[in-house]
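S.K.: My structure is below; once you've seen it, I'll send some questions.
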Amino acid sequence: MSRKLIVGGNWKCNGTQDDVKRIVEFLNKAEVPCTNHIEVVIAPPAPFLPILRSTLRSDFNLAAQNCWTGKGGAFTGEISAEMLMNLNVPWVILGHSERRTLLGESDEMVAEKVAYALSQGMKVILCCGETLEQREKNETTMVVARQIKAVADKIQSWNNVVIAYEPIWAIGTGKVATPQQAQEVHANIRAWLSQNVGEAVAQAVRIQYGGSVTAANCKEIGSQPDVDGFLVGGASLKPEFADILNARI
Ligand code: PEP
């Protein structure tokens, strides 16, 4: 099955208004393959979402980097899915390892967030991935399956979910997974979905690779059959992001 490529730019907690102008300028100039073949989703820090909404080209979409587990209210510092929809931000990244590790988000909390965001009509990039220690103990398949199962237990449809496989040891380290390592985990995720959710979902769900993706390594990773795009951190702040968008051509 041919799945539409999806590339996300996760700016994390970086940038000033001047940086935003500079990045939007190169994004707006970037030559990308036909948007029938690729979807581009930019995830700036939340305060910059409105300015990107009004200055970013309309064929690129926007994501938040987090949202709350339910309806907004007395949850100081949080962002609700309703607010994001109200701002015309249709995507949200959930379960990023930095939030799981630094902010203690459990599999269950991530699953609750995914279920609520979907219920509000949002589209979700669900991150999963193992630590180096878990990989070395051969626990990668189990850890990733556990993270995905928590979500599968809470949602009815995978139509608006993209999975981002991001090995924690590769995030921000410059230590990218080999194309074979990425392919192996992506194929295992698809196998898990096939056995536990259904073959149609397994074939349709897009799985991005994330972790030190650059213009130099994206083509090889992107050529793997179960890699449907990338979630890019550091390199999404640089003009080379435009080259990553062209990994498949
Ligand atoms: C990320 O933040 O999702 C990520 C993959 O970061 P980097 O590309 O910098 O490793």
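The values are calculated or read from the model by the stated rules, or taken from the named source; none is laboratory data. Please read all numbers here as calculations on a predicted model, not as lab measurements. Note: ideal-geometry Cβ built from the backbone for every residue, glycine included; neighbour counts use all protein chains shown.
S.K.: Show the residue pairs that are 6+ apart or on different chains and have beta-carbon atoms under 7 Å apart, the first residue being within the stretch 158-177 and more than 27 Å from M122 (Cβ to Cβ), the second being aliphatic (A, V, I, L, M) and not in a helix (DSSP H, G or I).
M.R.: Cβ pairs passing all conditions: V176/V213.
S.K.: Which of the residues spanning the stretch 111-134 are within 21 Å of N188 (Cα to Cα) and not polar (S, T, N, Q)? Don't jump to the end; show me each part of the working.
M.R.: Restricting attention to the stretch 111-134, the residues satisfying the condition of being within 21 Å of N188 (Cα to Cα) are 111, 124-134.
Selection gives A111, V124, I125, L126, C127, C128, G129, E130, L132, E133.
S.K.: Then there is this: Quick check on my filter: what residues within the stretch 1-43 are among the charged types (D, E, K, R) and within 21 Å of the chain's Cα centre (by Cα)? Lay out the reasoning, then the answer.
M.R.: The first filter runs over the stretch 1-43 and keeps only residues among the charged types (D, E, K, R), leaving 3-4, 12, 18-19, 21-22, 25, 29, 31, 39.
Passing the criteria: R3, K4, K12, E39.
S.K.: While we're here: Among A187, A191, A202, which is the only one that is in contact with a Leu (Cβ under 7 Å, 6 or more places away or on another chain), in a helix (DSSP H, G or I) and away from the ligand (no atom under 16 Å from the Cβ)?
M.R.: Details: A187 fails: in contact with a Leu (Cβ under 7 Å, 6 or more places away or on another chain); A191 fails: in contact with a Leu (Cβ under 7 Å, 6 or more places away or on another chain).
So the residue among A187, A191, A202 that is in contact with a Leu (Cβ under 7 Å, 6 or more places away or on another chain), in a helix (DSSP H, G or I) and away from the ligand (no atom under 16 Å from the Cβ) is A202.
S.K.: Return the only residue of V227, V176 being in a loop (DSSP other than H, G, I, E, B) and within 11 Å of the ligand (Cβ to nearest atom). Give the derivation first.
M.R.: Numbers: V227 fails: within 11 Å of the ligand (Cβ to nearest atom).
The unique qualifying residue is V176.
S.K.: On to the next question. If N217 passes every condition in (1) touching a residue at least 24 places away in the same chain (Cβ under 8 Å); (2) in contact with a Ser or Thr (Cβ under 9 Å, 6 or more places away or on another chain); (3) surrounded by 15 or more Cβ atoms within 10 Å (Cβ to Cβ) but one, which one does it miss?
M.R.: Of everything listed in (1) touching a residue at least 24 places away in the same chain (Cβ under 8 Å); (2) in contact with a Ser or Thr (Cβ under 9 Å, 6 or more places away or on another chain); (3) surrounded by 15 or more Cβ atoms within 10 Å (Cβ to Cβ), N217 misses just condition (2).
This table checks each residue for (1) closer than 17 Å to G9 by Cβ; (2) touching a helix residue (DSSP H, G or I) at 6+ places or on another chain (Cβ under 7 Å).
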{"position": "V185", "(1), (2)": "no, yes"}
{"position": "G198", "(1), (2)": "no, no"}
{"position": "Q208", "(1), (2)": "yes, no"}
{"position": "V213", "(1), (2)": "yes, yes"}
{"position": "F230", "(1), (2)": "yes, yes"}
{"position": "K238", "(1), (2)": "yes, no"}
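S.K.: Looking at the stretch 111-166, which of its residues are among the hydroxyl-bearing types (S, T, Y), assigned to a helix (DSSP H, G or I) and under 27 Å from I221 (Cβ atoms)? Please lay out each step first, then the result.
M.R.: Going through the stretch 111-166, the residues among the hydroxyl-bearing types (S, T, Y) turn out to be 116, 119, 131, 140-141, 157, 165.
From what's left, assigned to a helix (DSSP H, G or I): 116, 119, 140-141.
Correct list: T140, T141.
S.K.: Sticking with this one: For the list (1) without any contact (Cβ under 8 Å) to a residue 40 or more places away in the chain; (2) more than 16 Å from the ligand (Cβ to nearest atom); (3) assigned to a loop (DSSP other than H, G, I, E, B); (4) crowded, with 18+ Cβ neighbours inside 10 Å, I need the number of the one condition that V89 fails.
M.R.: Here V89 meets the rest and fails (1).
S.K.: Could I ask something else about it? When you go through L132, L126, L94 one by one, which is the residue that is within 16 Å of the ligand (Cβ to nearest atom) and surrounded by fewer than 19 Cβ atoms within 10 Å (Cβ to Cβ)?
M.R.: Numbers: L126 fails: surrounded by fewer than 19 Cβ atoms within 10 Å (Cβ to Cβ); L94 fails: surrounded by fewer than 19 Cβ atoms within 10 Å (Cβ to Cβ).
None of the other options fit; the residue is L132.
S.K.: Here is a check on your reading of the model: is Y165 over 23 Å from K4 (Cα atoms), buried (at least 19 other Cβ atoms within 10 Å of the Cβ) and modelled with pLDDT of 95 or more?
M.R.: On the way: over 23 Å from K4 (Cα atoms): no; buried (at least 19 other Cβ atoms within 10 Å of the Cβ): yes; modelled with pLDDT of 95 or more: yes.
Considered against the rule, which asks whether it is over 23 Å from K4 (Cα atoms), buried (at least 19 other Cβ atoms within 10 Å of the Cβ) and modelled with pLDDT of 95 or more, Y165 comes out as no.
S.K.: Something else: Being away from the ligand (no atom under 11 Å from the Cβ), assigned to a helix (DSSP H, G or I), over 18 Å from V162 (Cα atoms) and in contact with a Lys or Arg (Cβ under 9 Å, 6 or more places away or on another chain) is the requirement here; does A242 meet it?
M.R.: Yes, satisfied.
S.K.: Any residue at all in the stretch 8-28 that's outside any helix (DSSP H, G or I), touching a strand residue (DSSP E or B) at 6+ places or on another chain (Cβ under 8 Å) and surrounded by fewer than 20 Cβ atoms within 10 Å (Cβ to Cβ)?
M.R.: The first filter runs over the stretch 8-28 and keeps only residues outside any helix (DSSP H, G or I), leaving 8-16.
Narrowing the set further to residues that are touching a strand residue (DSSP E or B) at 6+ places or on another chain (Cβ under 8 Å) leaves 8-11.
In the following step, the residues that additionally are surrounded by fewer than 20 Cβ atoms within 10 Å (Cβ to Cβ) were identified as none.
For the stretch 8-28, residues outside any helix (DSSP H, G or I), touching a strand residue (DSSP E or B) at 6+ places or on another chain (Cβ under 8 Å) and surrounded by fewer than 20 Cβ atoms within 10 Å (Cβ to Cβ): absent.
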